[in-house]
Amino acid sequence: MKYISTRGGGGEQSFEQVLLTGLAPDGGLYVPAELPQVSLKQMQAWKRLSYADLAMEIIKPFIGDEIDTTHLRQIIEESYADFDHPDVAPLTNLGENEWILELYHGPTLAFKDFALQVLGRLLDYVLTKNKQRVVILGATSGDTGSAALEGCRHSDHVDIFILHPHHRVSDVQRKQMTTVPGDNVYNLAVEGNFDDCQRLVKSAFADQSFLPASRQLVAVNSINWARIMIQIVYYFYAALRLGGPEQKVSFSVPTGNFGDIYAGYLAQKMGLPIERLIVATNRNDILHRFIRSNDYSIADLAPTYSPSMDILVSSNFERYLFDLFGRDGAQLSAFMAGFGGKSLSVTDAQWQQVRATFDSASVDDTVTCEVIADVYKATGQLIDPHTAVGVKAARMCNTHPETPMVTLSTAHPAKFSNAITAAGLDTPALPEHLHDLFERRERFTVVDNSLKAVTGFIKKQLSH
Ligand SMILES: *Cc1c(COP(=O)(O)O)cnc(C)c1O
């Protein structure tokens, strides 16, 4: 499988090259040159596969022969062996044709574990083979950080630096990152918001001259293609368990960086019969405004009870726009260059195409808490605030009530207990393996919201 940049620059890259980087040199994101197609017959044969076996089938074509089957299978099996549910991604029924897909049974209690458990092992495998050591640099709104640290910390071939917005992640999220032991692990609390962290990371990737000559940066954010690829799997898994491919299924996806829902869009393009894809946002609703009214413009950041979606600019949206612009990198570059302060829109024909694939809704904190309370009362199921945004959006956009609707349940409620208590419910307990989280020692460094502060810190640590 070959990969190309959304901005049209550079040539084709291998999976390994794309894995070991972040943005393409022209500032674009990598996407497959061609998407593998799955036939109905194949999907029928996949119905009874375990999660790991299905993951193997779906991921394999994206990697081709760059990693042999035996090692790939081992990586995938190990990645999901520690999940605390035998189904890995269990479906729970909330009502008539209403489901949630629980994606929080991994070590750090959010769906980020699905991709980062595999990504950490893929990196370790490739770096060991190449006798190479790299620097992992990532920005987190809370969940990517701990999942990346958990997925990568056992590798002797990486130093990991994670930027989070100071005072803007939940206590549990911060503790999960800052209590990870290891002398190759660094947490930086940036005096800014998540978009600042994301911008700093992108700038560092663009000019890596601060690194020792033998080192390069690798991304763990969803700008890294491998994360998207791995997330495609659970769309197939859920749909095949709900009667697919004969039965269509819809998905509602709590969205921040557009990574998770983009994986759903790819699943549909690969052949999975998906009826609707619903972009569920909180008050930070740039994507909702675009889908509803063809207005793509930055608003002010509003902190919410669903902080992992407090994002102004969704980096993966560019991957979708690339398709919308007929895979014309030059056209997309021109569009992106016009972005910043200004409001952008696409042609009417393009916008109709967007609306043929996606619905959207924006859900505020008050309604989020109401949904948490309602769902608990009706079903006994406690959902986290991100999931609640998804469930509400699904109910608001339910144009096909005869089709099963699956909301991706992206985090365990104990990660966001302030929303749960605001909904009038008891604070949920953390799972057993995290019961002493609040007694563990934290390590992090507060840094200015400046590129110099971040690159200076990394440089100093690497010279020790
Ligand atoms: C990261 C995250 C999201 C948003 O996912 P994107 O891929 O950024 O759209 C939603 N919910 C939770 C709990 C998350 O951690």
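The values are calculated or read from the model by the stated rules, or taken from the named source; none is laboratory data. Not measured: the values here are computed from a predicted model. Methodologically, a virtual Cβ is constructed for each residue, glycine included, from the backbone with ideal geometry; neighbour enumeration extends over all protein chains shown.
Could you check, for region 242-252, whether at least one of its residues is crowded, with 23+ Cβ neighbours inside 10 Å, within 13 Å of the ligand (Cβ to nearest atom) and not basic (Lys, Arg)? So far as region 242-252 goes, yes, one or more of its residues are crowded, with 23+ Cβ neighbours inside 10 Å, within 13 Å of the ligand (Cβ to nearest atom) and not basic (Lys, Arg).
Within the set Asp82, Asp113, the sole residue that is within 25 Å of Ile162 (Cβ to Cβ) and at pLDDT below 95 turns out to be Asp82. Just one of the numbered conditions (1) of a type outside the set (A, V, I, L, M, F, W, C); (2) in contact with a helix residue (DSSP H, G or I) (Cβ under 8 Å, 6 or more places away or on another chain); (3) away from the ligand (no atom under 16 Å from the Cβ) is not true of Gln117: (3).
Within region 377-395, if we keep just the residues that are buried (at least 17 other Cβ atoms within 10 Å of the Cβ) and aliphatic (A, V, I, L, M), the residue that is nearest to the ligand (Cβ to nearest atom) turns out to be Val389. Just one residue in the set Ile291, Ile261, Ile232 is in a helix (DSSP H, G or I), aliphatic (A, V, I, L, M), closer than 30 Å to Glu16 by Cα and touching a Ser or Thr at 6+ places or on another chain (Cβ under 6 Å); that residue is Ile261. Within the set Val220, Val201, Val169, the sole residue that is among the β-branched types (Val, Ile, Thr), more than 28 Å from Ala33 (Cβ to Cβ) and in contact (Cβ under 8 Å) with a residue 40 or more places away in the chain turns out to be Val169. The helices (runs of 4 or more DSSP H) falling completely within region 319-408 that include 2 or more residues that are touching a residue at least 60 places away in the same chain (Cβ under 8 Å) and among the hydroxyl-bearing types (Ser, Thr, Tyr) map to 365-379.
If the condition is being part of a helix (DSSP H, G or I), within 20 Å of the chain's Cα centre (by Cα) and hydrophobic (A, V, I, L, M, F, W, C), then region 68-91 contributes Ile75, Ile76. From the list Lys415, Lys342, the lone residue that is surrounded by 22 or more Cβ atoms within 10 Å (Cβ to Cβ) and at pLDDT below 95 is Lys415.
So that you can scan it fast, the table gives a plain yes or no per residue for (1) hydroxyl-bearing (Ser, Thr, Tyr); (2) out of contact with any Cys (no Cβ under 6 Å at 6 or more places or on another chain); (3) under 22 Å from Leu242 (Cα atoms):
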| position | (1), (2), (3) |
| --- | --- |
| Val391 | no, yes, yes |
| Pro413 | no, yes, no |
| Thr427 | yes, yes, no |
| Leu430 | no, yes, no |
| His433 | no, yes, no |
| Arg440 | no, yes, no |
| Arg443 | no, yes, no |
| Ser463 | yes, yes, no |
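Residues in region 264-288 that are touching a residue at least 60 places away in the same chain (Cβ under 8 Å), within 16 Å of the ligand (Cβ to nearest atom) and part of a helix (DSSP H, G or I): Tyr265, Leu266, Leu287, His288. In region 235-258, of all residues being of a type in the set (S, T, N, Q) and outside any strand (DSSP E or B), the one that is farthest from Met43 (Cα to Cα) corresponds to Asn257.
The criterion of at least 3 residues that are crowded, with 20+ Cβ neighbours inside 10 Å is met, among helices (runs of 4 or more DSSP H) falling completely within region 1-67, by 15-19, 51-63. Taking only region 124-141 into account, find how many residues are part of a loop (DSSP other than H, G, I, E, B), modelled with pLDDT of 95 or more and of a type outside the set (Lys, Arg). Here the count works out to 1.
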